[in-house]
Amino acid sequence: MSAESTLEEAGRCPKCSTAGKLTEKKPGPRGSSRGSSLLIFMCMNDRCRWFNTPWTVTVNADGTIPPPTMNREKFFTPNPAGDYAARMIENLAKQVEQETKPGAEIRRRG
């Protein structure tokens, strides 16, 4: 039994570990090293819950593959509309309270 290369390991389905099918090769994303590429694999095991689900493997210009980032802590920038959304939720809660208390009257505009 021979040892697998990094590309062979990365090309295996993350869920069922069967070899995936290479479906597309794209240039690397902006900000990555020149000559890098993205390989898109698809699980072809119809018994796997990832059947027909693609995953992406980054290949550096020198042919190395960076470690997978599936289980790392995610970082998202704050949503600038977050304050607006909180105000809308608060306003809607007030409206529901006003409309559902006894004797409330809903007026139609128009």
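A few remarks follow.
- With θ taken as phi - 60° and the Karplus curve 6.51 cos²θ - 1.76 cosθ + 1.60 applied, the whole-hertz 3J(HN,Hα) list for region 42-51 is 9, 6, 10, 7, 5, 9, 8, 6, 9, 3 Hz, x standing for glycine and proline.
- Residue 12/residue 86 FRET efficiency (R0 30 Å; Cβ-Cβ; nearest 0.05): 0.10
- Footprinting exposure proxy ranking of 22, 39, 92, fewest other C-beta atoms within 10 angstrom first, gives 92, 22, 39.
- Electrostatic dipole magnitude of region 6-59 [Cβ: Lys, Arg +1; Asp, Glu -1; Cα centre; debye, to 20]: 160
- Distance between modelled label sites at residue 52 and residue 34, nm, 7 Å Cα→Cβ extension: 4.1
Values quoted throughout were computed directly from the atomic coordinates according to the rules given, and no laboratory measurement underlies them. Please read all numbers here as calculations on a predicted model, not as lab measurements. All Cβ positions, even for glycine, are placed from backbone atoms using ideal geometry, and neighbour counts span all protein chains on display.
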